[in-house]
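Working notes, structure below.
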Ligand code: ADP
Ligand code: MG
């Protein structure tokens, strides 16, 4: 466990981190998000003890640092904690390979780690550029070099500062998919996330930093569903809206057409997950089309996993008749007034509104879908299963 509590950091007399607490376990990812200038980079510097805070404490597994602590007394926690900063600090006169190997060479550990390094080069697809100089490779490749240099020292904790901020989407995705593998190998990752979608889908925990204070800390979906704090909700929306692909279908005719097209389009044995099933309201919006919809669904063995507000007689019959494709739960009583949210296998999130006219809002975004899926799984744990 890497756990900081009550961290206060001042530059001159200005407080930049104000009573900040954050933690990560090995094998988990904690994301830090927040506006520019909120203190994210400063927090990573404090956690890695490159710049000591004035107050607070840091627990690193079985070792505790209490601040203020004297620079000269401190044994820095490197390479148990490794940091990759935005400015990559790559030597221009050394090849990527030499940059990565240098820290190991200085410690006399290069020979015994050769095989491990080769494994890393392979994992990060670095063969073709490993022996080039930094100015002969792309920014994404330099970024991978910096990440692998940090990993070469086998850290238990990895601190990453917006490492995908200057990459195109494709290269960012390559790096982010590697992070998930690194976490699965048991490394604890604290990342200042430029990519809000990634922060909200792959992190185990998210902290929102604003003006040097953590103003919210929780699971990713708690941020997506945030409505009370306008600063957080507008930050999340403005940061992730660019990648959303949204379509709206309104009125009974479009509602029915959407659902018929959907049930015909998706592959057999797909799974649809629903948060907030509305019972008879849905069937009445489908009107006389519902029978055709249900027949198609049964024929294609399309499974619905549903958290219901309300169970209608049609659902009860469906569960009795086809328990194999119908898994229904009753929502706990404290959950009220949520939208009806469907999560499709292919990463689409569908919101349904049954106000005056039934409306479908389809959002194609894998991060949003993953985040809602985690929310569904948490709610299922608190719910009762409906048995026919
Ligand atoms: P973020 O990474 O969230 O954009 P930073 O941690 O870089 O924010 O900076 C937080 C605040 O601290 C900013 O107002 C910045 O100007 C100030 N700051 C950062 N480093 C220093 C420094 N070495 N000396 C004085 N002020 C600094
Ligand atoms: Mg920064």
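The values are calculated or read from the model by the stated rules, or taken from the named source; none is laboratory data. Just so you know, these numbers come straight off a predicted model, no measurement behind them. Note: ideal-geometry Cβ built from the backbone for every residue, glycine included; neighbour counts use all protein chains shown.
Quick notes
- Verdict on residue 90 being under 26 Å from residue 47 (Cα atoms) and part of a loop (DSSP other than H, G, I, E, B): yes
- Residue under evaluation residue 94, criteria (1) surrounded by fewer than 21 Cβ atoms within 10 Å (Cβ to Cβ); (2) away from ligand 2 (no atom under 16 Å from the Cβ); (3) within 26 Å of residue 202 (Cβ to Cβ), criterion not met: (3)
- Boolean, residue 315 is in contact (Cβ under 8 Å) with a residue 24 or more places away in the chain and farther than 30 Å from residue 227 by Cβ: no
- Residue check, residue 214 within 18 Å of residue 40 (Cβ to Cβ), crowded, with 22+ Cβ neighbours inside 10 Å and within 16 Å of ligand 2 (Cβ to nearest atom): no
- For segment 131-165, a tally of residues being within 16 Å of ligand 1 (Cβ to nearest atom) and either out of contact with any strand residue (DSSP E or B) (no Cβ under 6 Å at 6 or more places or on another chain) or assigned to a helix (DSSP H, G or I) (or both) returns 2.
- Output for segment 40-82, where each listed residue is in contact with a helix residue (DSSP H, G or I) (Cβ under 9 Å, 6 or more places away or on another chain) and within 16 Å of ligand 2 (Cβ to nearest atom): 50, 51
- Filter result for residue 190 (within 16 Å of ligand 2 (Cβ to nearest atom), touching a helix residue (DSSP H, G or I) at 6+ places or on another chain (Cβ under 8 Å) and more than 18 Å from residue 21 (Cβ to Cβ)): no
- Residue satisfying all of: in segment 28-46; part of a helix (DSSP H, G or I) and near ligand 1 (Cβ under 9 Å from one of its atoms); surrounded by the fewest Cβ atoms within 10 Å (Cβ to Cβ) among these: 41
- Unmet criterion (only one of (1) within 16 Å of ligand 1 (Cβ to nearest atom); (2) more than 30 Å from residue 130 (Cβ to Cβ); (3) in a loop (DSSP other than H, G, I, E, B)) for residue 56: (3)
- Residue match in segment 28-39 (condition: away from ligand 2 (no atom under 16 Å from the Cβ) and more than 21 Å from the chain's Cα centre (by Cα)): no
- Considering segment 9-27, the residues that are within 14 Å of residue 67 (Cβ to Cβ) and within 16 Å of ligand 2 (Cβ to nearest atom) include one that is surrounded by the most Cβ atoms within 10 Å (Cβ to Cβ), namely 17.
- When segment 76-91 is filtered for residues that are surrounded by fewer than 18 Cβ atoms within 10 Å (Cβ to Cβ) and in contact with a strand residue (DSSP E or B) (Cβ under 6 Å, 6 or more places away or on another chain), only 86 remains.
- Restricting segment 174-205 to residues that are buried (at least 23 other Cβ atoms within 10 Å of the Cβ) and farther than 22 Å from residue 124 by Cβ leaves a set whose member that is modelled with the highest pLDDT is 196.
- Among residues of segment 13-41 that are within 17 Å of residue 163 (Cα to Cα) and in the same structural domain as residue 162 (by TED's automatic domain parsing), those with a beta-carbon under 7 Å from a residue that is near ligand 1 (Cβ under 6 Å from one of its atoms) and modelled with pLDDT of 95 or more at least six positions away or on a different chain give the pairs 32/40; 34/40; 39/16.
- Scope segment 106-115; condition part of a helix (DSSP H, G or I) and either surrounded by 13 or more Cβ atoms within 10 Å (Cβ to Cβ) or not assigned by TED's automatic domain parsing to the domain that holds residue 148 (or both); matching residues: 110, 113
Rundown of residues vs (1) outside the structural domain of residue 34 (by TED's automatic domain parsing); (2) part of a helix (DSSP H, G or I); (3) touching a helix residue (DSSP H, G or I) at 6+ places or on another chain (Cβ under 7 Å); (4) closer than 28 Å to residue 316 by Cβ, yes/no style:
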| residue | (1), (2), (3), (4) |
| --- | --- |
| 253 | yes, yes, no, no |
| 264 | yes, yes, yes, yes |
| 268 | yes, no, no, yes |
| 276 | yes, no, no, yes |
| 285 | yes, yes, yes, yes |
| 291 | yes, yes, no, yes |
